[in-house]
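Bear in mind these aren't lab numbers, they're just calculated from the coordinates by the rules spelled out. Predicted model only: the values in this text are computed from it and were never measured. Here the Cβ is made from the backbone with ideal geometry for all residues, glycine too, and neighbour counts use every protein chain on show.
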């Protein structure tokens, strides 16, 4: 951890020191020249620290990958890491760049001419920034998919912006402190010019940090649960908490102290300069703490890959309004008050007089608004509320969950149209309506917690000791399919303008010896899933077969599933009908069991788009839909492209 922090901090410091020399410009003054020599000496020490800490970090990484502490000192193990891993390759590139930078800093080149001076300082700054590239190429961004290259570029831009701002603060504080003394009065105009130039650079760097930090954070911490319920997310919160005081200090320095510095008078501005030097040094120390947090984050599994544990007994969700519609007025009033507080805060930024009092009033109004709006949105939460289901949302899991539900849950909850079973009469409260909106609004993690622990106040027992984790997740997947069953039955028979919302459960199907999955068609083809019954569906299937070539040209794949899951389904058609599309002979039973949640007709056709969403549902109980109408919908989907994100596998 310490080696990683030292390596990162020295790299950031090198970028800031080398760039600040270039930004401040050349000076012939005694104090400024002495400061420049000191920064160059400091930069040489930082290169040495970066190189040495890199060696230690390589040893620690080797010991971790080899699984034995002694491997850190074994040349063969280290060589394997260097030559066989991406991190090793990036390490070699970084150390080579550091050596080259050291050569530039140590060499006593003639920089008497202004152009030579600028070239030497520019080359040092460029090499310092280039040495950050391997850090981005060996970090979490390099392992993220898809969009690995974009993630690395974003990470590099974030590191470079941090180097230009945070890395330059110590050298800037040293310049201000030197110029604030009586013996450094000759450097005050130079220091003022350097501060003003650095201030503009820092402002731009903050913009880059915000622009790159938001997508980077969302990539690795995509949910509130991950932000609060994982170590990586909590480290990110600590980082943001440390950034806030730095931004406040930077704003104060730019708005209050910087204008107070005299531009050309060598005797004025000394007290302000000394105060500014102290505040800049505080910024630099906070920056070092942030880099320590970043180093810890680099050694921590991102929240994207870790199951969150929600630490609170509540969370905020609009689903609370489904059970208590009266809270909507309170939320509306509170939101309006909060917006008023935000408007006052914007006004405070534009005011010169009474700015502090207006800002305090804005904070109080916003807090009042949140106090009014948030309580009606609070609902119960549990440690597993934001856990991502490890069992895929597919037909095998849904079918297994239905069987377990019938065995363990149906006696109380009922099955089919009944919402209460015979055992519900002895419960202290009626069982929850699993099709009601408030129940459906709960997360999969909530359902898993109830299935595991139970609901004691309602008389519901826990099944953690009777069902395995996988079986309980199967029950959860069945409940999720059951929860959307009513909505699925309202899908239109023709393609409309509605935004896709319902994901089709994945499944594995076999046609003879060949096996495929529904998920394999995502991003490639539209799928028409046909649940059929013979002999009633024979004419429709024959019509689809006759137009199969035309439909295929427009990117449609037909998958037909017999509702009786007959193993000889294809032979039952006889020789009169030539079927060219797949007739599922393996896996049909689970497909029918799961998809029966969405239809009860003997013949149903689901049109599933290239992102894996249900788009239309046509049943034999509705007016006929000829193949030409189907072709129109298929053409529209082909022209539509991706209009929403692909649903997750679970």
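Once you put a point 7 Å from the Cα of residue 148 and another 7 Å from the Cα of residue 639, both along the Cβ direction, what distance in nm separates them?
The answer from the label model is 3.9 nm.
With 10 angstrom as the radius, rank 460, 1 by how many other C-beta atoms surround their C-beta, starting from the fewest.
Taking fewest neighbouring Cβ atoms as first place, the list is 1, 460.
Cα centroids of segment 553-604 and segment 368-383: how far apart, whole angstrom?
Each part reduced to its Cα centre gives a spacing of 48 Å.
Quick check on segment 508-640: take the gyration tensor over C-alpha atoms, sort the square-rooted eigenvalues as a ≥ b ≥ c, and tell me if it's rounded (a/c under 1.5), prolate or oblate. Could the numbers behind the result be given before it?
Numbers: a/c = 1.31, a/b = 1.21, b/c = 1.09.
Taking the square roots of the gyration eigenvalues as a ≥ b ≥ c, segment 508-640 is rounded.
Based on other C-beta atoms within 10 Å, arrange 603, 442 from fewest to most.
The most exposed by this proxy come first: 603, 442.
Want the number for residue 564 to residue 309: 0.36 nm per residue separation, take away the alpha-carbon distance, what's left?
Extra length available between residue 564 and residue 309 comes to 87.5 nm.
Rounded, prolate or oblate: which one fits segment 48-188, using the alpha carbon gyration tensor with axes a ≥ b ≥ c (rounded when a/c is under 1.5, else prolate when a/b beats b/c, else oblate)?
Working: a/c = 2.21, a/b = 1.92, b/c = 1.16.
Prolate, since a/c reaches 1.5 and a/b exceeds b/c.
How far is it, in nm, from the label point at residue 403 to the one at residue 96 when both lie 7 Å from their Cα along the line to the Cβ?
Placing both labels 7 Å beyond Cα along the Cβ direction yields 5.9 nm.
Against the 2.2 N^0.38 Å scaling, with N counting residues, where does segment 546-599 land? I'd like the Cα-based Rg ratio to two decimal places.
1.26
Which shape class applies to segment 295-402: rounded if a/c is under 1.5, otherwise prolate when a/b exceeds b/c and oblate if not, where a ≥ b ≥ c are the square roots of the Cα gyration tensor eigenvalues?
oblate
Can you show me the helix-derived [θ] at 222 nm for the chain, built from DSSP H runs with n ≥ 4 at -39,500 (n - 2.57) apiece and divided by the number of residues, rounded to the nearest 500.
Computed ellipticity for the chain at 222 nm equals -18500 deg cm²/dmol.
Helix 627-640 versus the longest principal axis of the chain: what angle, 0 to 90°, nearest 10, using Cα atoms?
That helix lies at roughly 10 degrees to the long axis.
Viscosity 1.567 mPa s, temperature 4 °C: give me the Stokes-Einstein translational D for segment 395-483 in µm²/s, with Rh taken as the Kirkwood radius over C-alpha pairs.
100 µm²/s
Mark the label point 7 Å from the Cα of residue 329 along Cα→Cβ and return the residues of segment 350-377 whose backbone N is within less than 19 Å of it.
369-377
How do 123, 605 line up, fewest other C-beta atoms within 10 Å first?
Numbers: 123 15, 605 24.
Least to most surrounded, the residues fall as 123, 605.
Packing-wise, with mean Cβ within 10 Å as the measure, how do 90-100, 544-554 rank, highest first? Intermediate results must be reported in sequence, preceding the final value.
Details: 90-100: 17.8, 544-554: 15.4.
Per-residue mean Cβ counts within 10 Å order the peptides as 90-100, 544-554.
In terms of the ratio Rg/(2.2 N^0.38 Å) built on C-alpha atoms, what value belongs to segment 2-305?
Numbers: Rg = 20.3 Å, N = 304, 2.2 N^0.38 = 19.3 Å.
Normalised Cα radius of gyration, segment 2-305: 1.05.
Relative to the longest principal Cα axis of the chain, at what angle does helix 355-373 sit, 0 to 90 degrees, rounded to 10?
The two axes meet at around 20 degrees.
Can you give the Rg/Rh ratio of the chain, where Rg is from the C-alpha atoms and Rh is the Kirkwood radius?
Working: Rg = 32.7 Å, Rh = 30.1 Å.
Expressed as Rg/Rh, it is 1.09.
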